[in-house]
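Take a look at the structure below.
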Amino acid sequence: MEEVSLEKEMNLLLNNFWITKDNDKESYYLLKKNQDKIRDFMHRTAGNKLIVHDRFIKLEKIPANARKEFGVNTFTKVLDYVILFIMLIYLEDKTRGDKFILSELIEYIKNTAVTLKLEHIPNWDNASDRRSLIRIIDYLIGLNVIFLRDQDSKSFQENAEADALYEATGLANYVVPSFAFDIYDCKGPEDFLDLEWKDQDFDKGEVRKYKVYRHLLYAPASTKDELTWGEEDYVKHLHKSIEKELQEKIGLEVEITKNMFLTFSDEYAVQKEYFPNTKNISDLILLINKMLRDYKKNKSIEVEFDETFTLSRGEFDAIIRTAREEKTAYFSKKYSDIPLNKLFEEIYTAMEAYHFIMQKKDTIVVYPLVDRFIAKIEENKTADYEQLTNEGENDEL
């Protein structure tokens, strides 16, 4: 019997927080029609829930490990998350169509933070804290949890006295996953993952299978040191079955080496979470990856047993600095103009998120994935900004 492909459906679920009927009816009904097949696939592989609501469909993407790149990629500090959860509490009792004003919201957020004696309490006279709130509002608008209905000519980001009118959609209660245990027992992100498998053996049975598939489906790439003994054993003995399942069912190719494994796709290159993508930071990473490979070769740097090598932070900074000075045509105006320390920060963060590097205090560990994604550079470019193409073995991450 021929395998039924769920490539389009899983692409929608893996690359979106959820699919709402209001915003994308066609995709919503496609997922709803095939919900049983999707649910069966997820139950057999990663053990995550598919939630089918009359207004949205969502795959609860609970990862295998706690990694900082699984955070909201537009959030920049702890206060962002504090404001998000207080705002979700505020929206909890608001039904579809209920309206609220910004001045009422900011008072609620501040008072709640004080009442709960939180470590992070926003100060709306501080422009940085106002920007935090704007990030959360933009995030929730993007999820269709709220809509902007009206606002003053000056934004809240510019003026603490500015006001705005918003409308709730009634979806706020579904943003946070539901857990089958008391979350007050959790002191850190690892506790949420461990309690899911309470009283089960991590190195046997379904748990290790679920975690292997979660590595492959949700992480850009995984290295051997991120796997438990049981997970490593599962990959070693069942890698052919894993490759067949993911390729036939959802169109993902699996690459497994001695120290690294990942999935990639030749399709959907415009999806924002794939690498490389249409963002300039993606181009800069391709460029820097090539420079890293050349630097390793020219300096005769020996790799470790796990195919990684280590540079001082100063060496890595110098490579980024040289890239901007010598390959100006590949830098958009934003990245040409920002201060070097800000450029370093953005590139380090993005490269770590895609699992090309790991930052330590004074050093940077470079993963073998760098060799898979390198730029094809045309010399003597004169345009303000030219996109790069990937010269490595894989197309998408």
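Is it true that some residue in segment 190-212 is among the aromatic types (Phe, Trp, Tyr), more than 21 Å from residue 23 (Cβ to Cβ) and not assigned by TED's automatic domain parsing to the domain that holds residue 254? No: zero hits.
Would segment 137-148 turn up any residue that is in contact with a helix residue (DSSP H, G or I) (Cβ under 6 Å, 6 or more places away or on another chain) and surrounded by 16 or more Cβ atoms within 10 Å (Cβ to Cβ)? Checking segment 137-148: at least one residue is in contact with a helix residue (DSSP H, G or I) (Cβ under 6 Å, 6 or more places away or on another chain) and surrounded by 16 or more Cβ atoms within 10 Å (Cβ to Cβ). With the structure loaded, tell me whether residue 198 is assigned to a loop (DSSP other than H, G, I, E, B) and either more than 25 Å from the chain's Cα centre (by Cα) or surrounded by 16 or more Cβ atoms within 10 Å (Cβ to Cβ) (or both) or whether it fails that test. It is true that residue 198 is assigned to a loop (DSSP other than H, G, I, E, B) and either more than 25 Å from the chain's Cα centre (by Cα) or surrounded by 16 or more Cβ atoms within 10 Å (Cβ to Cβ) (or both).
Looking across segment 1-54 at every residue that is surrounded by 16 or more Cβ atoms within 10 Å (Cβ to Cβ), part of a helix (DSSP H, G or I) and of a type in the set (S, T, N, Q), the one that is modelled with the lowest pLDDT is identified as 11. Checking 119, 92 one by one, the residue that is out of contact with any Pro (no Cβ under 7 Å at 6 or more places or on another chain), among the acidic types (Asp, Glu) and closer than 30 Å to residue 57 by Cβ is 92 and no other. Could you tell me whether any residue of segment 25-33 is among the aliphatic types (A, V, I, L, M) and within 28 Å of residue 206 (Cα to Cα)? For segment 25-33, residues among the aliphatic types (A, V, I, L, M) and within 28 Å of residue 206 (Cα to Cα): present. If you filter segment 55-91 down to residues that are over 25 Å from residue 281 (Cα atoms) and β-branched (Val, Ile, Thr), you find that the one that is farthest from the chain's Cα centre (by Cα) is 89. Screening segment 299-370 for helices (runs of 4 or more DSSP H) wholly inside it with 2 or more residues that are free of Cβ contacts under 8 Å to residues at least 40 places away in the same chain and surrounded by 15 or more Cβ atoms within 10 Å (Cβ to Cβ) returns the ranges 313-326, 340-353. A Cβ distance below 7 Å, combined with a sequence gap of six or more or placement on separate chains, defines the contacts here; from segment 178-205, residues that are modelled with pLDDT of 80 or more reach residues that are small (Gly, Ala, Ser) in the pairs 189/66; 190/66; 193/66.
When 26, 7 are checked against the criterion of being over 23 Å from residue 193 (Cα atoms), free of Cβ contacts under 8 Å to residues at least 12 places away in the same chain and charged (D, E, K, R), 26 stands alone in meeting it.
The values are calculated or read from the model by the stated rules, or taken from the named source; none is laboratory data. Note that this is a predicted model, so its numbers are computed, not measured. Quick reminder, even Gly has a Cβ in these numbers, built from the backbone with ideal geometry, and neighbours come from all protein chains shown.
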